[in-house]
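Trainee: Following this message is one structure expressed as structure tokens.
Just so it is clear, none of the values below were taken in a lab; they were calculated from the coordinates. This one's a predicted model, so the numbers in the text were calculated from it and none came from an experiment. Note: ideal-geometry Cβ built from the backbone for every residue, glycine included; neighbour counts use all protein chains shown.
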Amino acid sequence: MNHEVPLTIEFFPGGDEEEFEIASPREIHFIMLDIEKNAARAALYYDKRRQFILTSIVDVDQDGIWLDASQNHEENLKVAASDECILVSSHHQAKIQFSISDVELTTLDNMETFYVAMPEQILRIQRRDYFRLYLPVGVLKCTLMLGGDPRRERTLSVRDISRGGVALYCDEFDADLQPGKTIDQCRMRLDEETELTFGLQVRYFSVTPSLTGKGRGCAGCRFVNLDGKTGVLLQRYITMQQKAQLL
């Protein structure tokens, strides 16, 4: 199944983003041209990442890129006045993300656009180690025992799951699920007879803003201490659900 890349900002523990970094000017320029050619959607975050506009890359040269501005001139002025912006787009099913220190409000073909310098480095985030099964909210839930305290259990809906890990819907900027945090005691009931137990380590955190101003968080976690039997049961569940989705 082909899923659109979510246009959310991803956060990493210290240094972990290095495995996704691209610093070659030639490769960055090629990727920007390809994003423009394919008219890929993009989100431009501003106001300390609290606000965003949907946009796209409309032109590229050796030194920079032009982005669609919104139809609201006042909002465009706020974007241009922001100290730092972040652009999130996609390239062949991989997420592209980079910071922008200066956004210039200008015109292109008599239309308001933003001009930004070509980034010196970008993140190309793609995780294909395992097949990822996406699920409707509430179909599968994961219970976390925070700090090993039964009184601090939290049950969260699963966004997607693979043999390597799970992504959980949570609160915006959830303090319990920040990158680098490890939760040793977790469980997940696949059906009435099958409950898995394992540990989780949070690898990244993303936030999807909403028009109401309150976003929804998603914590991407990898499994810790997943034994062979549990791995087999998990893979069997993923395979069965994948077949059901294809029917």
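Trainee: Pairs on different chains or at least eight residues apart, Cα atoms closer than 27 Å: how many lysine pairs in the chain fit?
Mentor: Going through the chain pair by pair, I get 18.
Trainee: Let me ask you something else. Explain nothing, just compute: Karplus ³J(HN,Hα) = 6.51 cos²θ - 1.76 cosθ + 1.60, θ = phi - 60°, for every residue of the stretch 163-178 in order, whole Hz, x for Gly and Pro.
Mentor: Values per residue, Gly and Pro as x: 5, x, x, 8, 10, 10, 5, 7, 6, 5, 6, 4, 5, 7, 10, 7 Hz.
Trainee: Can you give the charge dipole size of the stretch 9-125 about its Cα centre, rounded to the nearest 20 debye, using +1 on the beta carbon of Lys and Arg and -1 on the beta carbon of Asp and Glu?
Mentor: 360 debye
Trainee: Grab the DSSP H runs of the chain that are 4 residues or longer, score each as -39,500 (n - 2.57), total them, divide by all residues and round the 222 nm result to the nearest 500 deg cm²/dmol.
Mentor: -5500 deg cm²/dmol
Trainee: Scaled to the compact-protein estimate 2.2 N^0.38 Å, what is the alpha-carbon radius of gyration of the chain, rounded to two decimal places? Kindly include the intermediate steps, with their values, before the conclusion.
Mentor: Values: Rg = 20.0 Å, N = 247, 2.2 N^0.38 = 17.9 Å.
For the chain, the normalised Cα radius of gyration comes out at 1.12.
Trainee: Additional query: Which trypsin sites (Lys or Arg not before Pro) from the stretch 33-127 combine a DSSP loop assignment with at most 10 other Cβ atoms within 10 Å?
Mentor: Working: sites: Lys37, Arg41, Lys48, Arg49, Arg50, Lys78, Lys95, Arg124, Arg127; in loops: Arg41, Lys48, Arg49, Arg50, Arg127.
In loop regions of the stretch 33-127 (DSSP not H, G, I, E or B), the sparsely surrounded trypsin sites (Lys or Arg not before Pro) are Lys48.
Trainee: While we're looking at this one, here's another question. Mind checking the angle between helix 228-246 and the chain's longest principal axis? C-alpha axes, 0 to 90 degrees, to the nearest 10.
Mentor: Compared with the principal axis, the helix lies near 60 degrees.
Trainee: Just want the ordering: Tyr237, Tyr45, Tyr204, from fewest to most Cβ atoms lying within 10 Å of their own Cβ. Walk me through the intermediate numbers first.
Mentor: Values: Tyr237 18, Tyr45 25, Tyr204 22.
With the sparsest Cβ surroundings first, the list reads Tyr237, Tyr204, Tyr45.
Trainee: Treating only the Cβ of Lys, Arg, Asp and Glu as charged (+1, +1, -1, -1), what charge dipole size does the stretch 133-246 show about its Cα centre? Round to the nearest 20 debye.
Mentor: Dipole magnitude for the stretch 133-246 comes out near 240 debye.
Trainee: Under 1.5 on a/c is rounded, so check that first for the stretch 133-246, then, if it is not, pick prolate when a/b is larger than b/c and oblate when it is not; a ≥ b ≥ c are the square roots of the alpha carbon gyration tensor eigenvalues.
Mentor: oblate
Trainee: Under 19 Å from a point placed 7 Å out from the Cα of Ala94 along the Cα-to-Cβ direction: which residues of the stretch 24-56 have their backbone N that close?
Mentor: Within reach of a label on Ala94, which here means backbone N under 19 Å from a point 7 Å along Cα→Cβ, the stretch 24-56 contributes 24-43.
Trainee: Extending each Cα 7 Å along its Cβ direction at Ala244 and Glu21, get the distance between those two points in nm, one decimal.
Mentor: Computed distance between label sites Ala244 and Glu21 equals 4.3 nm.
Trainee: Hey, another quick one. If you look at just the Cα atoms of the stretch 15-158, how large are its Rg and its Dmax in Å?
Mentor: Taking only Cα atoms of the stretch 15-158, I get Rg and Dmax of 18.7, 61 Å.
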